[in-house]
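Report on the structure given below.
Where a number appears in this text, it was derived from the coordinates with a stated rule and is not lab data. Given the structure is predicted, the values throughout are model-derived calculations rather than measurements. Here the Cβ positions follow ideal geometry from the backbone for every residue, glycine too, while neighbour counts run over all protein chains shown.
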Amino acid sequence: MSNTEKLHCPVQKKCGGCQTLNLSYKQQLSKKMADVIALMGKFCHVDEIHGMSDPTHYRNKVQSAFGFVNGKQINGMYQSSSHKIVQTDACLLEDEICGEVVRTVAKIVKQQKISIYDPRTGRGTLRHLLVRRGKQTGEIMVVPVTSTPLFPQAKRFTEALLKERPDVTTVVQCINDTSIFLWMGEREKVLYGKGYIEDILCGKRFRISPKSFYQINPVQTEFLYSKAIEFASPSPDTVLLDAYCGIGTMGIIAADKAKTVIGVESNREAVKDATVNAKINGIKNIRFYCEDAGEMMKKMAYGNERIDTVITDPPRAGCSREFLDSCITLAPPRIVYVSCNPETLARDCAYLTKHGYKVKKVIPVDMFPHTAHCECVCLIEKNK
């Protein structure tokens, strides 16, 4: 598509997932750029937004909810701010191969008469489906999420899926026996394969489990993480702390150039994946801790430990005040802040600049074309 062309989706108004399809891609980038300048321009110059050459089918992770409407089985996305399912046969944002797999599963579910979970009665088996694909490896994970560990058709379902889609690498059943929609649950059972897939990002190989956090737009992630490492400017003397490290992606990518990398993450499963990922890549100068990042930084500060750079990639709510205070107490010379919400980034930068820091660089990255969301990578340095 050209940057001046507007895309059309037949369920755009019902779904609400693509908030900016009424604009051409060029107009979307201009709007996001203006929004980031309005929030961050008071701190420093904002570099030109980094867009995509092809802003379609970029999502390597697809979730499809299952339900019934007037007695007819449907599957698709939840309507924005509701639990009403909008039937979607294809999506402009989703990886096309993942979409094909979802349609295959929907057909098998009908053929085998697998019961669909009804949240009103609590009866039924299949709640939703997750499909992930490694952009570089092509490996595919299929995760049926059920309401109970009992999945009588599990063997038949898996055999039928593999017959139709021999490119599927692993099938994992996750169990969500709560009232929370689109949650993966705590328990899982491998039905086929290794229970995970792998992908390559910035030259490093990463293991991705069903519940792992892994950026959904691999093309833009390469640029985003490369810029974050460039801002971190690691050297053979650098001690780098990767807060909210997830499965260890940024820390592992930076480790080749740093003296030591410390990854901190409160999710125990993510820390296990991070440790494995370091071994896969032969990284020996990195260690991971399952702990609250803010609490750990306080301990480091009180122990007079030296940290040269903190990298943080928090959720949309941004960094907590406790985390920022710990950062100020630890006083690293450099903070690299990767943000998926420019509003909370501006709030957190305002707090840090009141406590001895200065924002030096900001680059917006369009990780989520055709939506209102915009990612930023920001360099913050301690005043000398």
>> What's the magnitude of the charge dipole for the chain around its Cα centre, counting Lys and Arg as +1 and Asp and Glu as -1 at the beta-carbon? Answer in Debye, nearest 20.
In response: 680
>> Exceeding 24 Å between C-alpha atoms, which entries from my cross-link table qualify? They are LYS284/LYS382; LYS6/LYS72; LYS14/LYS189; LYS135/LYS361; LYS32/LYS360; LYS42/LYS382.
In response: LYS284/LYS382; LYS6/LYS72; LYS14/LYS189; LYS135/LYS361
> Can you give the alpha-carbon Rg of the range 61-201 over 2.2 N^0.38 Å, where N counts its residues?
Replying inline: 0.99
> What residue among VAL239, ASN304, TYR289 has its Cα farthest toward the positive end of the dipole of the chain, where the charges are +1 on Lys, Arg and -1 on Asp, Glu, each on the Cβ?
Replying inline: TYR289
> the chain: longest stretch without exposed chymotrypsin sites (Phe, Trp or Tyr not before Pro) (DSSP loop, at most 15 other Cβ within 10 Å), sites themselves excluded?
Replying inline: 184-384
> Using θ = phi - 60° and the Karplus curve 6.51 cos²θ - 1.76 cosθ + 1.60, what whole-Hz ³J(HN,Hα) does each residue of the range 134-146 get, with Gly and Pro shown as x?
Replying inline: x, 4, 8, 8, x, 5, 10, 10, 10, 10, x, 9, 10
> Out of the range 44-145, which GluC sites (Glu not before Pro) are coil in DSSP terms and have no more than 13 other C-beta atoms within 10 Å?
Replying inline: GLU48
>> Using each residue's phi in the range 171-187, evaluate 6.51 cos²θ - 1.76 cosθ + 1.60 at θ = phi - 60° and report the 3J(HN,Hα) Karplus result to the nearest Hz, with x for Gly and Pro.
In response: 10, 10, 8, 10, 10, 10, 9, 10, 8, 7, 6, 6, 9, 7, x, 8, 9
>> Using amide H atoms built in the peptide plane, which far-off residues or other-chain residues are under 5 Å from PHE288 H to H?
In response: GLY263
>> Run the numbers for HIS57 and ASP118: contour at 0.36 nm per residue of separation, minus the present Cα-Cα distance, in nm.
In response: 18.9 nm
> How far, in nm, would the chain grow between THR329 and ARG347 when pulled straight, counting 0.36 nm per residue and subtracting the alpha carbon separation?
Replying inline: 4.6 nm
> At 37 °C and 0.692 mPa s, what whole-number value in µm²/s does Stokes-Einstein give for the translational diffusion of the range 109-163, with Rh from the Kirkwood sum over Cα pairs?
Replying inline: 263
>> With only alpha-carbon atoms in the gyration tensor, what are the semi-axes of the equivalent ellipsoid for the range 146-272, in Å, largest first?
In response: 35, 17, 12
>> Quick check of the Kirkwood formula: for the range 226-364, what is the inverse mean of 1/r over all pairs of different Cα atoms, in Å?
In response: 15.0
> Once amide H atoms are built 1.01 Å from N in the peptide plane, which residues 5 or more positions from SER115, or in another chain, come under 5 Å H to H?
Replying inline: THR125, LEU126
> Any idea how far apart ASP35 and GLU100 come out in nm if each label point goes 7 Å out from Cα toward Cβ?
Replying inline: 3.3
> For LYS360, which sequence-distant residues (separation of 5 or more, or a different chain) have an amide H within less than 5 Å of its own amide H, given hydrogens modelled in the peptide plane?
Replying inline: LEU379, ILE380, GLU381
> Where the only charges are on Cβ atoms (+1 Lys, Arg; -1 Asp, Glu), what is the dipole of the range 61-201 about its Cα centre, to the nearest 20 debye?
Replying inline: 540
> Mind checking the alpha-carbon convex hull of the chain and giving the volume per residue in Å³?
Replying inline: 139
> Nearest 0.05, what FRET efficiency do ASN285 and ILE200 give at R0 = 25 Å with Cβ-Cβ as r?
Replying inline: 0.75
> Once you list every other residue whose beta carbon is under 11 Å from the beta carbon of CYS44, what net charge do they have if Lys and Arg are +1 and Asp and Glu are -1?
Replying inline: +2
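Hey, with R₀ at 51 Å, roughly what FRET efficiency would VAL219 and LYS189 work out to, going by the Cβ-Cβ distance, to 0.05?
On the way: r = 33 Å, r/R0 = 0.64.
Rounded to the nearest 0.05, the efficiency is 0.95.
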>> Rg and Dmax in Å for the range 229-286, alpha carbons only: what are they?
In response: 10.5, 30
